[in-house]
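Participant: Dumping the structure here so I can ask a few things about it.
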Amino acid sequence: MMMTTTQTAREVIGLDNAHVLQTYRRAPVVFERGNGCRLYDATGRAYLDFISGIGVSSLGHAHPRLSAAIAAQAATLLHTSNLYYHPLQSEVASRLTALSGLPRTFFCNSGTEAVEACLKFARRYWHAQGSPRSEIVALERGFHGRTMGSLSVTWDEHYRAPFGPLLEGVTFVSQNDPDALRRAVSSRTAAVIAEPLQGEGGVRPLEQAMAEAITDACEATGALFIADEVQCGLGRTGVPFHSATLGLRPDLMALGKALGGGVPVGAALFSDRVAASAAFGDHGSTYGGNLLACRAAMVFLDELTSGLLEHVASTGPLIRAALERVAARHPMITGIRGAGVIWGVELDRPAAPVVEAALDRGLLINRTADTVIRMLPPYIVDSADVDQMAVMFDAALGAVTAEEK
Ligand SMILES: *Cc1c(COP(=O)(O)O)cnc(C)c1O
């Protein structure tokens, strides 16, 4: 790594190495503050953030309205648990209904918890019908989280193998094989789960034919459809939910990441028929939907519905054009996929060295599925940021090419 690491940064890294469970291979940089699409390290060096904490910092860093609202909420009331009512949860739930068409919300604290809730209530639905079904059909390259249930429907064997045995009855189908999907879904299938646009799997939008196969198979067998919109949902592709662009009509939907703009919050949304099976005591979360989380979600949803969604939709083509200009100069780029503020750049080689070279130049991006560069800039990213990204990304690719010679 060419970067210079300061003394304080070295101390932070040393203490982390000594005391934090070593499950992350972190880049050797310590961030101290942020503003908009920029993060600043201990030396004051600026970085252009095109990963936004893995799709979380949707309003960028230190967003004035979000930080003021959080501070005011903290000074008023943070948490009461779900033993009582507070005024914000139903407000956020009704806004999610207005966006998604799904009438009921369960609040939790992360994407994986939202997926867990979906898996549990898919089973709960069939239990209530008096004809229990437990099998799940999931897609290859799908990612749904790291807790036991969501890990069971996550495809990557690398994540799964050390933690077995996982849930039984999960079948994985290639993400572009509609016939295999139709064959896999049966009258024993409780639900099909899919990301309408796969994030961790390499930024791969579901093909229309695959979406149609899911809809047909669910209709034919009664199986429920769970849309995991944790990464691609909530406006990230320039529409409220990516499933709608494919004609998918989920019975259950998992949300997280962008929803709290950095405050941990997850949500599972349910259709009437699934929600009807829920009874008091069926599921719970101590923190789920507390006032702080709901206040943050409310600011995000306010912003999204007062111009930000249109901004994302109009920024997508700018990013594509910028990436295409870069690709024209770098034959190692073999594909560009995405929409709005989620983009994947497929390389003909491992992407890790490019991520490292970009970091050296002050651009934060990440690698997924080995050969794919993923960009998840904040929703507020503007055309000047996009131009700067293109210059830095071009330089990073150039450096990697030069190293080979
Ligand atoms: C990130 C992600 C999750 C898990 O979210 P966490 O908040 O990390 O638990 C689940 N599904 C998808 C599609 C994701 O991208």
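The values are calculated or read from the model by the stated rules, or taken from the named source; none is laboratory data. Quantities reported herein were computed from a predicted structural model and do not represent experimental measurements. All Cβ positions, even for glycine, are placed from backbone atoms using ideal geometry, and neighbour counts span all protein chains on display. Remember, those area values only see protein heavy atoms, side chains included, never the ligands or the DNA or RNA. Shrake-Rupley method; radii C 1.70, N 1.55, O 1.52, S 1.80 Å.
Participant: Those residues that are open to solvent by 30 Å² or more (accessible area, probe 1.4 Å), under 21 Å from Arg124 (Cβ atoms) and assigned to a loop (DSSP other than H, G, I, E, B), I need them from segment 159-185; list them, please.
Facilitator: Passing the criteria: Leu166, Leu167, Glu168, Gly169.
Participant: Considering only segment 9-26, how many residues are open to solvent by less than 80 Å² (accessible area, probe 1.4 Å) and either over 25 Å from Ala399 (Cβ atoms) or at pLDDT 95 or above (or both)?
Facilitator: Looking only at that region, the number is 5.
Participant: Give me a count of the residues in segment 216-227 that are within 13 Å of the ligand (Cβ to nearest atom) and touching a Cys at 6+ places or on another chain (Cβ under 8 Å).
Facilitator: First, the residues of segment 216-227 that are within 13 Å of the ligand (Cβ to nearest atom): 226-227.
Among the residues that remain, those that are also touching a Cys at 6+ places or on another chain (Cβ under 8 Å) are: 226.
Final tally of qualifying residues: 1.
Participant: Here's something else I'd like to know. For residues that are within 9 Å of the ligand (Cβ to nearest atom) and crowded, with 24+ Cβ neighbours inside 10 Å, scanning just segment 104-115, find the one that is nearest to the chain's Cα centre (by Cα).
Facilitator: Of everything passing the filter in segment 104-115, Gly111 is nearest to the chain's Cα centre (by Cα).
Participant: Do we have any residue at all in segment 312-319 that's out of contact with any Gly (no Cβ under 7 Å at 6 or more places or on another chain), closer than 20 Å to Arg104 by Cα, open to solvent by less than 30 Å² (accessible area, probe 1.4 Å) and of a type outside the set (Ser, Thr, Tyr)?
Facilitator: no
Participant: Further, regarding this structure: Assess whether Ala71 counts as being over 30 Å from Ala369 (Cα atoms) and more than 16 Å from the ligand (Cβ to nearest atom).
Facilitator: Values: over 30 Å from Ala369 (Cα atoms): yes; more than 16 Å from the ligand (Cβ to nearest atom): yes.
Criteria met by Ala71.
Participant: Return the pair list, or none, for Cβ contacts closer than 6 Å from residues in segment 286-308 that are over 15 Å from Ala68 (Cβ atoms) to residues that are in a helix (DSSP H, G or I) and open to solvent by 40 Å² or more (accessible area, probe 1.4 Å), at least 6 apart or on different chains.
Facilitator: Every condition considered, the pairs that remain are Gly289/Gln89; Cys294/Gln89; Leu301/Arg95.
Participant: For the subset of segment 116-158 comprising residues that are among the hydroxyl-bearing types (Ser, Thr, Tyr) and part of a helix (DSSP H, G or I), which member is nearest to the ligand (Cβ to nearest atom)?
Facilitator: Going through the qualifying residues, I end up with Ser150.
Participant: Right, another one. Tally time: how many residues in segment 197-223 are in contact with a strand residue (DSSP E or B) (Cβ under 6 Å, 6 or more places away or on another chain), under 29 Å from Trp343 (Cα atoms) and not polar (S, T, N, Q)?
Facilitator: Here the count works out to 7.
Participant: Any idea which of (1) in contact with a Phe, Trp or Tyr (Cβ under 8 Å, 6 or more places away or on another chain); (2) in contact (Cβ under 8 Å) with a residue 60 or more places away in the chain is the one Val263 doesn't satisfy?
Facilitator: In the conditions (1) in contact with a Phe, Trp or Tyr (Cβ under 8 Å, 6 or more places away or on another chain); (2) in contact (Cβ under 8 Å) with a residue 60 or more places away in the chain, Val263 misses (1) alone.
Participant: Residue by residue through segment 222-257, note down the ones that are in contact (Cβ under 8 Å) with a residue 60 or more places away in the chain and among the β-branched types (Val, Ile, Thr).
Facilitator: Ile226, Val230, Thr237, Val239
Participant: Please specify each residue of segment 369-405 satisfying the condition of being in contact with a Gly (Cβ under 7 Å, 6 or more places away or on another chain) and open to solvent by 10 Å² or more (accessible area, probe 1.4 Å).
Facilitator: Of everything in segment 369-405, those that are in contact with a Gly (Cβ under 7 Å, 6 or more places away or on another chain) and open to solvent by 10 Å² or more (accessible area, probe 1.4 Å) turn out to be Ala369, Ile380, Met392.
Participant: Being open to solvent by 40 Å² or more (accessible area, probe 1.4 Å) and either without any contact (Cβ under 8 Å) to a residue 40 or more places away in the chain or within 22 Å of the chain's Cα centre (by Cα) (or both) is the requirement here; does Arg337 meet it?
Facilitator: On the way: open to solvent by 40 Å² or more (accessible area, probe 1.4 Å): yes; either without any contact (Cβ under 8 Å) to a residue 40 or more places away in the chain or within 22 Å of the chain's Cα centre (by Cα) (or both): yes.
Yes: the conditions hold for Arg337.
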